[in-house]
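Everything on this sheet refers to the single structure shown next.
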Amino acid sequence: MINNSISYLIFLNKYCSRYGVRGCLRHLYYLNDLLDRAEQGSMVDPQLVHYSYVFCASHVSGNRPDNNVSTITMEEKDRFNEIKERLKLFLEHQVTNFRFSFPFGRPDGGLKATLSLLERVSAKDLATPISRDDIRRFIGKCLENAAYINYTRVSDQAKIEETVYNSDDSPRKKVDDLIHLAELCIELLQQDAEHYREAFQQYHDLLIEHEEIFWSLFAVDMEHVIDQQPIESWDAFPLFQLLNDYLRLHDSLCNGRFHQQLRDTFAPLVVRYVDLMESCIAQSIHKGFEKENWKSKNRGCATSEDILWKLDALQCFIRDLHWPDEIFREHLEKRLKQMASDMIEACAKRVWRHFETWMKKGGLIGGTSSDYLLPSECCVMINVILDCKAQALKLCALHAGDLHQYHTRIDEYLEKNLSDMSKALIQKLLSILDSVLKKLSRYDEGSFFAQILSLTKPINEDGQAYVSSVNANLEQLRQKISDEIFTLNIFEEWYRQQTHLIFMWLGERTEISLHPYQLACLMLIVKKTHGNFELQGVQEKDLNSQLYNSIIQRLHNQILVFSSLSDVLNLSDSMMDIADVTEFRTTWNNEFFLKNKSAFSAAKHLIRKSIVIVQVRLCRQLRYTEKDLTSALQSAEHEKQILHNYRNSTSLAEVLKQRLKILKNEIDNYNLQIKNIVQKEKEYWKQLEQTIAKKTNLHKATTNNVKPLQNTSNARPIAVANATFVVGVNKNNENLPPSEYRSDEIENRSPVKVPKIRKKKKCAS
């Protein structure tokens, strides 16, 4: 690089003084040599050229800084004019190729000094500077040529002529090459803004025009590539995103000529893409649900997940475009929200149609089966609607204007859809209870089938079947439905309507007494379902409603109505209250036994046998009760493990702990109660036996003189009032006493041979 160093200038000054070289001529030769070197590619300091040119111009124009008079030859003047034109062309070339003449803005201030020198060279003389408009037109022409040169170099670097205008390349490859060219163009303009904007600060508008011209050249190639794309091809959208993201953040090019041209070019493509996606989603709804197998996938099914993903992806894509026109952008957003609302509504209608079909499967609405299990497909359909409702807020709510215009409408529709599903589901589950109640109706008092069905000696099979069905459906709903609040609402409504149905069924039978089998089944159903729904999180105020208390009161009153111990013992062991057993005791007419010794001996034997039978039954009842309570405890432990997955619900955990505590207390109290009852029964029968023996000893003399009754044909039967004898023996040895009771029976066995007496024989008075 040639510069004006101090030593170099001192050397030149001494040389010129020694040989008499004129200063003006010296600088003219100096300028000529500098231009020769610059044209050969050497970098020349603009300040050095500027100094020599001003020195020569001041001598030629006679406007020296020291105001001294100097002479100039015609040769010097002609040479000056020649060098001036040559210098002007050189400076024009420097400004036009500023990216290559001053790479990355080096040397510092070089371009700015060149522009200042260009203003001096373009002036007629030093006393008459060039007008502002003339210099702006000249620099503007230089920058326009610079845009052509820069774009030509960039396109040659990207080899755009070999790809974009090559008929053998595919449209996709042409788009990819054009995107690569756009990246190079953006990088070039960013470098210009970083390194040359300060130098062109006085000509900022000319630099913006330079960039617009540069992009207009790119637009020619872009239009050519876009026109060659197929109608249903969306490969050009990444190009729009790349250019739009650059232009919308640019201070000067935003909404400029090229930005508007870019918007007008891609607007039809965006509209066509939205139309195609709307048609594609509608087709997915039509064909997808017809082939849907209703298997759970994420939060819904395969079809619903695909539809909601497409709606969300479409909105994200349009949103990421950052469309520059605000009016068109709002129109697109409004259309997409309306589309999402319509598609979700169509999806919900299809799901509801299939839900109704599945609800009709499996019968039971008018049937009598109680082993119904809600299909998991129905739970998946409910999850689909729940997922649509959750996604509707994001997909259907506008970000401007009427925020809830579309979301409110679709949310109300989905809420109604969920309500209808809940009602249909509960009605289906209630039909199980209705079928059980129909079976129990056959045992009504006065019914023809009541006596026939009683011969089978049922316990509580229908009640057990219904309780098992309720447990299975509760577990199915809890595991398969994703929304816990919706599930809890179903449980609460199901329990309420179930209680109401039982209450109405009992209300129709207020004038008649319940059959023991009906009572056993209802007690099991009411108490078991109460505990099961309590474990599922139903609140206590809903569980212990007025209807529930009325049902419990009616069933307990019905237990007290039974007049014999055998009727009470036929009830379910797990539902029978042991305290009620002591109220049904056998009454004896002691006067009759005092008159007839043989009858007294038989009665004494029957009393002992009754004691053994009652003790055996109490022991068996204790074992059954312990077994049922143990099963209930195990079931509660199992439900506790299930509810472990719901740690967020602290209320359920507290209810479970309380339930387990109550069950353990019930087991302890029940064992203590059974022991007390057995002890009281022993004391009672022992006291009765002692009383009869005492009265027998007092009247021994009298009874010895009484002749035995003769059994003649004319003899009338002896009437025994209020006597009930329990003498039947089960073939399966169910009345055999435990080992601790058999020894007492052997020691106190009567020597009198007791004739065989028929089971539960009562003599009419």
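The values are calculated or read from the model by the stated rules, or taken from the named source; none is laboratory data. Nothing here was measured: the structure is a model prediction, and the numbers come from that model. Every residue, glycine as well, gets a Cβ built from its backbone with ideal geometry; the counts of neighbours run over all protein chains shown.
Side notes on the structure shown:
- Residue in segment 485-507 that is surrounded by the most Cβ atoms within 10 Å (Cβ to Cβ), counting only those that are charged (D, E, K, R) and over 14 Å from residue 535 (Cβ atoms): 496
- Taking residues in segment 156-170 that are touching a residue at least 40 places away in the same chain (Cβ under 8 Å) and in the same structural domain as residue 217 (by TED's automatic domain parsing), and partners anywhere that are outside any loop (DSSP other than H, G, I, E, B) and β-branched (Val, Ile, Thr), the pairs with Cβ atoms closer than 9 Å and at least 6 places apart or on different chains are 160/154; 164/225.
- Residue satisfying condition, being under 22 Å from residue 184 (Cβ atoms) and either buried (at least 18 other Cβ atoms within 10 Å of the Cβ) or among the acidic types (Asp, Glu) (or both), within set 242, 314, 253, 249: 253
- Only one of the numbered conditions (1) at pLDDT below 85; (2) among the hydroxyl-bearing types (Ser, Thr, Tyr); (3) in contact with a helix residue (DSSP H, G or I) (Cβ under 9 Å, 6 or more places away or on another chain) is not met by residue 548, and that is (1).
- From the list 390, 340, 346, the one residue that fits, being out of contact with any helix residue (DSSP H, G or I) (no Cβ under 8 Å at 6 or more places or on another chain), more than 30 Å from residue 437 (Cβ to Cβ) and either not in a helix (DSSP H, G or I) or not assigned by TED's automatic domain parsing to the domain that holds residue 481 (or both), is 390.
- Enumeration of residues in segment 506-534 that are under 20 Å from residue 465 (Cβ atoms) and either among the small types (Gly, Ala, Ser) or not in a helix (DSSP H, G or I) (or both): 514, 515, 520, 531
- Looking across 233, 155, one residue alone is farther than 30 Å from residue 108 by Cβ, of a type in the set (Ser, Thr, Tyr) and surrounded by fewer than 17 Cβ atoms within 10 Å (Cβ to Cβ). It is 233.
- Among (1) in contact with a Gly (Cβ under 6 Å, 6 or more places away or on another chain); (2) surrounded by fewer than 18 Cβ atoms within 10 Å (Cβ to Cβ) - the single one residue 102 does not satisfy: (2)
- Filter pass, residue 176 being over 21 Å from residue 216 (Cβ atoms), among the acidic types (Asp, Glu) and in the same structural domain as residue 239 (by TED's automatic domain parsing): yes
- Out of 119, 76, 92, one residue alone is within 23 Å of residue 195 (Cα to Cα), without any contact (Cβ under 8 Å) to a residue 60 or more places away in the chain and in contact with a Cys (Cβ under 8 Å, 6 or more places away or on another chain). It is 92.
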